[in-house]
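As structure tokens, the structure follows; a few thoughts come after it.
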Amino acid sequence: MLITKTVIMKWHSINKEWYEDKGYIFTKYRDQFEVRVEDLQEGSNAKVDIQCDGCGELLKGIVWRSYKKYVHEDGKYYCFRCGKKLYGNKKGRLTRLQKSISFYQWCYDNLFKELADYILSRWDDELNVDKNGNKLSPKDVTFSSDGFNKKGYWFKCLDYPEHPSELKSINGFVHGQKGNLDCNQCNVIATTDPKLSLFLVNEEDSFKYSRGSGVKIPMKCPDCGYKKEMGIDTLRRQGFGCNRCGDGVSYPNKIGFNFFEQLVNIQEVNNFESEKSFDWCKFIYKNKLRKGKYDFYFELDNKKYIVEMDGGWHTNDNNMNDQTKEDSQYIDNEKYRLAKENGIILIRIDCKFSNLDYIKNNILLSELDTILNLNDINWSVCDKYACKSLVKVSCDLWNEGIKNVVKISNELKLDKTTIRRYLNKGTELGWCYYDGKEESLNNYKSTSKKFSVKVICITTGEVFDSMVKASEKYNVKKCVISACCLPHGKSKSAGKHPITNEKLIWQYYSEYLQLQELKTSTSEELSIKDNSFSIPAIM
């Protein structure tokens, strides 16, 4: 008998729609509210108290979904001891079933009706035949039958009719083996995580293994073809991490970057930056002064925010850099303290598993969901971006004609040094051709060309073929002359005349000529208007 009548729940994105449909009024995420037990979701982890309908023992803290699984149709619930007395132990039940009880009868005698209906509806009438070709039904075989060559009987997939029938051991159903209830093909990578198939060397492995399998199989980088063996569950949680073309940016940080890029495009946030560093973010770590960086920074409604995507090494030892989880916690605390002292709100996102659904759910459960409108976020685009190699993206931009490290740096919002490293790696892989010395020379020529434009000194009337010559004569830096020439330049003058001490005013000679031509045409128009004007005679 169910004792508990109501339980306390918290609002979150997963249960919001369910309880609103039940008539509950939403306040805000993480707020507590009271729920009637009959309104709980089937798979809820809420705990309830139950009284055994056999001996009357009070059973506390039973998980709701477990209660729903074992409560009888008449609403009765029995403790283990009473259930054993009423239904007998396994050996006793098997002994009774061996006396010519069919598999059909066993299902309805020992299972809930819904589960028995489900199992028997999967029976494949076409493939289950005897040696003489006669069709067999669940009523024609006993619960202990071994089946075809001791391999079981054929069962269909009800969710995907295109999945071939599978051999299932009836003994497995009798002993409650969970795997028998599932269609194996519904749990394989090709069905649940088709994107992971891109990393498999052998395509048939995607139809053999599930997403949670720890079996190590050959895998490859979809970009450069580098191969290595790793577990499927590791691939799903941490990504491939190519040793040859890897960009060094974690899957969670790529998810976060594209997430904020989308928010920028719909004008939800302002002044977004990734890998943000501040002069004030300095602290002592292992007797050395360390400067910290934050994953993401943005501004909204005159408030400043920092978002940190906390990967698995924030709670585990990082063997790659010998940083313990205690070290990571210390660094996190210092960065949080410094951000708070400087008036910035820091939000942490649990990214322990490199899985889109896991990261997405934690973002929706965070403060970001309360201060931002996240309804327009395309999560599949985030995932697609996160699976890309930024080395490959950088090389593609270079090949498309953006032959400038600074421009690619601005496009991808990554440091120029990082972009050069990516392009050098891409050159080794044959994805592009990048020569750092050649790029520096081209940049120098471009800068030199800028300073070879003709200029005129308005103060003296002198015309120079280039800023270099003007700079040499009056000992003024070229960049200062350039700043003075610009229409909205920072400098109104550049240098002084060595004899008269007058301030030297500069202008691009081509603009000077255009201005003189404009003044001449304007004067002519005014002259014509003056000649056409006449004074009327006085009568």
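Number of residues in segment 37-59 that are surrounded by 12 or more Cβ atoms within 10 Å (Cβ to Cβ) and either not assigned by TED's automatic domain parsing to the domain that holds residue 72 or not in a loop (DSSP other than H, G, I, E, B) (or both): the value is 8. Cβ-Cβ distances below 7 Å connect the following pairs, each with a first residue in segment 397-423 that is touching a residue at least 12 places away in the same chain (Cβ under 8 Å) and not assigned by TED's automatic domain parsing to the domain that holds residue 276, a second residue that is in a loop (DSSP other than H, G, I, E, B) and among the β-branched types (Val, Ile, Thr), and a separation of six or more residues or different chains: 408/402.
In the condition set (1) of a type outside the set (Gly, Ala, Ser); (2) under 43 Å from the mean Cα position of the chain (by Cα); (3) buried (at least 17 other Cβ atoms within 10 Å of the Cβ), residue 111 is compliant with all but (3).
Of all the residues that make up segment 204-229, how many are part of a helix (DSSP H, G or I), surrounded by 18 or more Cβ atoms within 10 Å (Cβ to Cβ) and of a type outside the set (Ser, Thr, Tyr)?
Here is the first cut: in segment 204-229, the ones part of a helix (DSSP H, G or I) are 204-207.
Subset that is surrounded by 18 or more Cβ atoms within 10 Å (Cβ to Cβ): 205-206.
Of the ones still in play, those that are also of a type outside the set (Ser, Thr, Tyr) are 205.
Going through segment 204-229 one residue at a time, the tally reaches 1.
For the residues 206, 210, 165, the requirement of being more than 29 Å from residue 309 (Cβ to Cβ) and more than 21 Å from the chain's Cα centre (by Cα) singles out 165. Across segment 106-132, what is the number of residues that are of a type in the set (S, T, N, Q), at pLDDT 90 or above and assigned to a helix (DSSP H, G or I)? Residues that pass the stated criteria total 1.
Which of the following residues is more than 28 Å from residue 428 (Cβ to Cβ), buried (at least 20 other Cβ atoms within 10 Å of the Cβ) and modelled with pLDDT under 90: 266, 232?
232
Can you give me the number of residues within segment 239-263 that are within 12 Å of residue 199 (Cβ to Cβ) and either assigned to a helix (DSSP H, G or I) or in contact with a strand residue (DSSP E or B) (Cβ under 7 Å, 6 or more places away or on another chain) (or both)? Write out each step before concluding.
Pass one, segment 239-263, residues within 12 Å of residue 199 (Cβ to Cβ): 239-242.
Next, only the ones that are either assigned to a helix (DSSP H, G or I) or in contact with a strand residue (DSSP E or B) (Cβ under 7 Å, 6 or more places away or on another chain) (or both) stay: 240.
Count: 1.
Sub-6 Å Cβ pairs linking a first residue in segment 272-285 that is without any contact (Cβ under 8 Å) to a residue 60 or more places away in the chain and of a type outside the set (Phe, Trp, Tyr) to a second residue that is crowded, with 18+ Cβ neighbours inside 10 Å and not in a strand (DSSP E or B), at least 6 apart or interchain, are 281/338, ordered by first then second residue.
Any idea how many residues of segment 169-184 are surrounded by fewer than 18 Cβ atoms within 10 Å (Cβ to Cβ) and closer than 20 Å to residue 157 by Cβ?
Looking only at segment 169-184, we keep the residues that are surrounded by fewer than 18 Cβ atoms within 10 Å (Cβ to Cβ), and these are 171-172, 175-179, 181-182, 184.
Of the ones still in play, those that are also closer than 20 Å to residue 157 by Cβ are 172, 177-179, 181-182, 184.
Residues in segment 169-184 being surrounded by fewer than 18 Cβ atoms within 10 Å (Cβ to Cβ) and closer than 20 Å to residue 157 by Cβ: 7 in total.
Against the numbered list (1) under 21 Å from residue 192 (Cβ atoms); (2) out of contact with any strand residue (DSSP E or B) (no Cβ under 8 Å at 6 or more places or on another chain); (3) of a type in the set (Ser, Thr, Tyr), residue 285 comes up short only at (1).
Cβ-Cβ distances below 6 Å connect the following pairs, each with a first residue in segment 362-384 that is in the same structural domain as residue 304 (by TED's automatic domain parsing), a second residue that is of a type in the set (Gly, Ala, Ser) and assigned to a loop (DSSP other than H, G, I, E, B), and a separation of six or more residues or different chains: 364/13.
Any residue at all in segment 172-179 that's outside any loop (DSSP other than H, G, I, E, B), within 34 Å of the chain's Cα centre (by Cα) and not basic (Lys, Arg)?
Yes.
Between 481, 458, which is more than 30 Å from residue 417 (Cβ to Cβ), at pLDDT 85 or above, crowded, with 17+ Cβ neighbours inside 10 Å and not charged (D, E, K, R)? Outline the logic, then answer.
Numbers: 458 fails: crowded, with 17+ Cβ neighbours inside 10 Å.
Result: 481 is the single residue among 481, 458 that is more than 30 Å from residue 417 (Cβ to Cβ), at pLDDT 85 or above, crowded, with 17+ Cβ neighbours inside 10 Å and not charged (D, E, K, R).
Residues satisfying the criterion are present in segment 332-349 (criterion: modelled with pLDDT of 90 or more and closer than 26 Å to residue 195 by Cβ). Those helices (runs of 4 or more DSSP H) of segment 366-409 in which 1 or more residues are under 15 Å from residue 427 (Cα atoms) occupy 390-399.
Close Cβ contacts (under 9 Å, 6 or more residues apart or on different chains) running from residues in segment 1-29 that are under 26 Å from residue 374 (Cβ atoms) to residues that are basic (Lys, Arg) comprise 10/30; 11/28; 11/30; 12/30; 22/36; 26/16; 29/10; 29/16.
Return the residue satisfying two criteria in turn: it lies in segment 275-328 and is aliphatic (A, V, I, L, M) and modelled with pLDDT of 90 or more, and of such residues it is nearest to residue 342 (Cα to Cα). Here the answer is 306.
Scanning segment 48-68 for any residue that is closer than 30 Å to residue 111 by Cβ, touching a helix residue (DSSP H, G or I) at 6+ places or on another chain (Cβ under 7 Å) and polar (S, T, N, Q) turns up nothing. Surrounded by fewer than 17 Cβ atoms within 10 Å (Cβ to Cβ), over 25 Å from residue 390 (Cβ atoms) and of a type in the set (A, V, I, L, M): is that true of residue 347 in this structure? Against the criterion (surrounded by fewer than 17 Cβ atoms within 10 Å (Cβ to Cβ), over 25 Å from residue 390 (Cβ atoms) and of a type in the set (A, V, I, L, M)), residue 347 does not qualify.
The values are calculated or read from the model by the stated rules, or taken from the named source; none is laboratory data. Please read these numbers as outputs of a predicted model, since none were measured by experiment. Counting neighbours? That spans all protein chains shown, and the Cβs are built from the backbone with ideal geometry, glycine included.
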